[in-house]
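Asks: Quick one: the structure is below, questions incoming.
The values are calculated or read from the model by the stated rules, or taken from the named source; none is laboratory data. Remember, it's a predicted structure, so these values are computed and weren't measured experimentally. When we count neighbours, we look across all protein chains shown, and the Cβ atoms used for this are built from the backbone with ideal geometry, even at glycine. Surface areas here come from the heavy atoms of the whole protein model, side chains and all, with no ligands, DNA or RNA. Shrake-Rupley method; radii C 1.70, N 1.55, O 1.52, S 1.80 Å.
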Amino acid sequence: MILVIEDERDVRRLIQRSLEALGHEVIDAENGKTGLEALVRQKPDVVILDLGLPDRDGMAVLAAIREWSEVPVIVLSARDGESDKVAALEAGADDYLTKPFSAAELSVRIKVALRHAARAVSTGEPVITVEGLSVDLAARRVTLEGQEIHLTPIEYKLLTALMRHRGKVLTHGQIMKEVWGRHSNDGNQGLRIHMQHVREKLGDDPLSPRFIFTEPGIGYRFRMG
Ligand code: CA
């Protein structure tokens, strides 16, 4: 079941129609207060949350959800500002969509969110394989089409961070925290250079990526699989 918290009726309708066509049950709420009530009562599998709500800021609703729930949250943003999306992701949103979005985009994001929810309750994966690229987490061994790829410890951490969250966009800050354990003082430059090395070793072209997609101004996303 998917909960849609959105005040614009047309957008609610569009989401409802597209998701029901995919076989999902959809419930909706037109403001933050009724949205939070529906979340408690109905326990949806995924929440789609508009950041611009009439009664309270969507970021405040997100914070309220994250105080007690791990439900995947996809935020909808009408704003162009990359900083809103980064703030939402770092406050615990799983993904974002910028309005206007297509039914196809929405359905991809829902699939990723549902897959993440399922994976969160399953046990850790010893080996992650995506499109011929395989990482054995116990042996710390990376192979591409059966050929071993030699990565530095930083590059290995970078790749595994992205692959463990594959399908999901990670902000620069989230990646740096996961790889270096802190936010870097020298901006994203170091991250960009290491990412470039990983891409070169994987033969991944940033302009036509097979594995690692750049989200301009926000971060990176590894292909879902
Ligand atoms: Ca709105």
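Asks: In the range 78-90, is there at least one residue being within 12 Å of the ligand (Cβ to nearest atom) and in contact (Cβ under 8 Å) with a residue 60 or more places away in the chain?
Replies: Checking the range 78-90: not a single residue is within 12 Å of the ligand (Cβ to nearest atom) and in contact (Cβ under 8 Å) with a residue 60 or more places away in the chain.
Asks: While we're looking at this one, here's another question. In contact with a Ser or Thr (Cβ under 8 Å, 6 or more places away or on another chain), open to solvent by 10 Å² or more (accessible area, probe 1.4 Å), at pLDDT below 95 and closer than 30 Å to R223 by Cβ: which single residue out of A104, A78 fits that description?
Replies: Matching residue, one of A104, A78: A78.
Asks: Determine the pairs where a residue that is in the same structural domain as A93 (by TED's automatic domain parsing) and open to solvent by less than 20 Å² (accessible area, probe 1.4 Å), located within the range 48-62, has a partner that is more than 12 Å from the ligand (Cβ to nearest atom) and among the charged types (D, E, K, R) with Cβ atoms under 7 Å apart, the partner being 6 or more residues away or on another chain.
Replies: Note: pairs meeting the criteria are L51/D84.
Asks: Which condition from (1) within 16 Å of the ligand (Cβ to nearest atom); (2) at pLDDT below 95 is the one that L62 breaks?
Replies: Every listed condition holds for L62 apart from (2).
Asks: Same structure, new question: When you go through (1) within 16 Å of the ligand (Cβ to nearest atom); (2) closer than 23 Å to G173 by Cβ one by one for I48, which number turns out not to apply?
Replies: (2)
Asks: When you go through E148, E178, E200 one by one, which is the residue that is at negative phi, open to solvent by 50 Å² or more (accessible area, probe 1.4 Å) and touching a helix residue (DSSP H, G or I) at 6+ places or on another chain (Cβ under 7 Å)?
Replies: E178
Asks: Please name all residue pairs, on different chains or six or more residues apart, with Cβ atoms under 6 Å, provided the first residue is in the range 1-21 and is under 23 Å from R56 (Cβ atoms) and the second residue is basic (K, R) and within 12 Å of the ligand (Cβ to nearest atom).
Replies: Once the first residue is under 23 Å from R56 (Cβ atoms) and sits in the range 1-21, its partners that are basic (K, R) and within 12 Å of the ligand (Cβ to nearest atom) give V4/R12; E6/R12.
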